[in-house]
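No value in this document is a laboratory result; all are computed from the given coordinates. Please read all numbers here as calculations on a predicted model, not as lab measurements. Every residue, glycine as well, gets a Cβ built from its backbone with ideal geometry; the counts of neighbours run over all protein chains shown.
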Amino acid sequence: MTMLAAVRSGPLTGHVSVPGDKSISHRALMFGALAIDETRITGLLEAADVLATARIVEQLGAGVTFEDGVWTITGRGIGGLMKPDAPLDFGNSGTGARLMAGIVTGHPITAVFRGDESLCRRPMGRVLTPLKMMGLSVLEERQETLPLTLRGTADVIPIFYRLPVPSAQVKSAILLAGLGSAGETMIVEPEITRDHTEKMLAYLGARIDIVDGEEGRLITLKGQPMLKGRPIDVPGDPSSAAFLAAAALICPDSDLLIENVLINPTRIGFYDTIAEMGAELSFENPREQGGEPVCDIRVKHSALKAVRVPPERAPFMIDEYPVLAVLAAFAEGEMIMEGLAELRVKESDRLAATEKGLMACGVDAHSEEDTLIVRGWNSVPGGATIRTNMDHRIAMAFLTMGLGSAKPVAVDDSSMIETSFPTFRSLMESVGARFHIQRSGAR
């Protein structure tokens, strides 16, 4: 374990680019494996979770090469993946495991899914339920956590499915399974979630129709398309950029430009919220990249005020709530964040971990079912070592807090940051942030 501490820092200035978006990186590798010909990917997030997906698509028979910053995936077409000769190890990646379950559903193969200790605690039931309706077999009866043995089919059943809770992962797994059916797979999502799967499948040649109605968004996928490999340039991850933006907001005299960031409307809830809080924030040089909107984000140190964050915004910023809660500690007034039930089933119980971390740093915070309430102040004491529970976003959120708090904030283990943002420390330091290795037991 690497105990790392963040120290109160001066201005964060300059311009920086964050690594590629994790959600799009996973999908680029997987969809490239389902396409014909080559898919050339630039800007891929080369972090542990995504590299696990790269190894897995190779195990399933796709060609995977890397040269001069370009990942080339030679696909096998829909239904053409092969039975792996060893278990598929997803490490810490829930996205990888859930989306790949959809892909395996559409192939007459058997695969063992496994992961690290954290992933094996996370529920798979919500994604397995519709996939079983489509023909997936789970050899372990009544088990809904990894390790699992999954058996797909050549005769996928197209379904009409209404998502019981907002989940881009469940939606994506159903669509990926539906690629192998002879009919139309239809999904109703009452609340809109990340749409990277729909955008990328359409970009590669799938027929997807999307209609907004009174009951929500209806997504219809025509099965058995021919996906054609195309270049994919992965934009910067807005969830990773959120840590840099938050640090700039709480470090006096900061003026930071974060370049080439994805601003898909389903991913910018954090930026909408900090703007409401009074953040001096601007989206500059907007453009389109591989079917997705991107821009450069400028953030300056700002006096923040607490706001109420409604539950309907949660799907658009679910990964950013820990660092938003950190910002709430520096804001004037009482911040109320609602609709956070999904945080209970992430890499850790993020709602509980965030609450405990804030309290350890001297912040008035408490949770009520799916709501987190934080009473901010212009000075945050800090001075604690935070238990991360192997959760990368908890680690990065509280290290961000330490850059603006009166006393350093340490985390008990920073090694898991490699799963999503391996250059977190170096990028932060390049614009003026201060960190040091924390000795065991120090405060």
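Charged neighbours of residue 298, selected by a Cβ distance under 14 Å, balance to -4 (K, R count +1; D, E count -1). Taking the Cβ of residue 284 as the centre, find all other residues whose Cβ is under 10 Å away and add up their charges (Lys, Arg: +1; Asp, Glu: -1). Charge balance in the 10 Å sphere: -1. The Stokes-Einstein estimate for the range 138-251, based on a Kirkwood radius over Cα pairs and taken at 20 °C with 1.002 mPa s viscosity, is a diffusion coefficient of 130 µm²/s. With distances taken between every two different alpha-carbon atoms, the range 239-387 has a Kirkwood hydrodynamic radius of 15.6 Å. Cα extents for the range 1-117 along the principal axes, largest to smallest and rounded to whole angstrom: 57, 33, 21. For the chain, the relative contact order is 20 percent, taking Cα pairs closer than 8 Å that sit 6 or more residues apart in sequence and dividing their mean separation by the residue count.
For the listed peptides 313-325, 391-403, a ranking on the average number of other beta carbons within 10 Å per residue, highest first, reads 391-403, 313-325.
Both radii were evaluated on the Cα set of the range 22-223; the Rg over Rh quotient, with Rh as the Kirkwood radius, amounts to 0.94. Within the shell of other residues whose beta carbon sits under 15 angstrom from the beta carbon of residue 143, the net charge comes to +4, with Lys and Arg scored +1 and Asp and Glu -1. In the chain, the DSSP-assigned H stretches of four residues or longer account for a calculated mean residue ellipticity at 222 nm of -8500 deg cm²/dmol, using -39500 (n - 2.57) per stretch and the full residue count as denominator.
Per-residue packing, averaged as other Cβ atoms within 10 Å, sorts the ranges 57-63, 24-30 into the order 24-30, 57-63, beginning with the highest. With only the Cα atoms considered, the chain has a convex hull volume of 129 Å³ per residue.
The peptide list 258-266, 201-209, put in order of mean Cβ contacts within 10 Å with the highest first, becomes 258-266, 201-209.
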